[in-house]
Each structure stands twice: as structure tokens, then as C-alpha cells.
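Reviewing the structure listed below.
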Amino acid sequence: RSIQLKGRCLGISPASAEDEAAAQRHFESFLSVTSVIGDPPAAIRNLKRAEPLRRFVFAVEAAFDQTPGPDAGRPL
């Protein structure tokens with residue numbers, strides 16, 4: 001399931017060590033999912049990551065279903 005969030009940016013700051021760890025966990029999860037659908041892990045590992053990592057804080061004002069299908073674009 002994909003969700004699109006819209007809102008206002010409240011701030012941008014350098015990533016903390018916890019943010020870095022969370023980003024790494026997310027990447028490893030992404031890697032395992034893309035491997036299941038046939039993307040070679042080595043190719044995914046070669047993707048460039050934005051450096052330095054930044055933390056974005058925003059106020060969510062609207063959310064929408066972004067999953068392809070008849071409900072795509074539906075407000076949540």
C-alpha cells in the first residue's frame with residue numbers, strides 16, 4: 001500500500017545517529033522487498049543516497065491512497 005502525504009515543512013536539520021539507523025533499517029527492508037520481485041540486491045545497493053542525510057519535519061494536512069487501482073487518489 002502506498003500513501004501520499006501533503007502538508008507544510010516545519011523544519012530541516014542534520015540527521016541524528018538514530019535517524020541514520022532508521023534509514024539503514026528502511027533501506028535493508030526495501031532491499032529485501034525488491035529482491036522478492038526480481039531486482040538484484042547488488043544493483044539496489046549501488047543506488048546513490050543523498051549525503052548528508054537530512055531530517056525533515058512536516059505537518060501532515062492531507063493523506064491520499066496512492067496504491068494503483070480504482071481507489072488511487074482517494075482521500076484517507
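The values are calculated or read from the model by the stated rules, or taken from the named source; none is laboratory data. Quantities reported herein were computed from a predicted structural model and do not represent experimental measurements. Please note: Cβ atoms are built from the backbone with ideal geometry, for glycine as well, and neighbour counts cover all protein chains shown.
Has the range 48-58 got any residue that is loosely packed, with under 13 Cβ neighbours inside 10 Å, farther than 24 Å from Cys9 by Cβ and free of Cβ contacts under 8 Å to residues at least 24 places away in the same chain? There is no residue in the range 48-58 that is loosely packed, with under 13 Cβ neighbours inside 10 Å, farther than 24 Å from Cys9 by Cβ and free of Cβ contacts under 8 Å to residues at least 24 places away in the same chain. Of all residues in the range 18-38, those satisfying the criterion of being more than 19 Å from Arg1 (Cα to Cα) and surrounded by 11 or more Cβ atoms within 10 Å (Cβ to Cβ) are Asp19, Glu20, Ala21, Ala22, Ala23, Gln24. From the set of residues in the range 57-73 that are out of contact with any Pro (no Cβ under 9 Å at 6 or more places or on another chain) and at pLDDT 95 or above, which is nearest to Ala23 (Cα to Cα)? The selected residue is Val57. A count restricted to the range 1-17 and to residues that are farther than 21 Å from Pro68 by Cβ, loosely packed, with under 10 Cβ neighbours inside 10 Å and of a type in the set (Gly, Ala, Ser) stands at 2.
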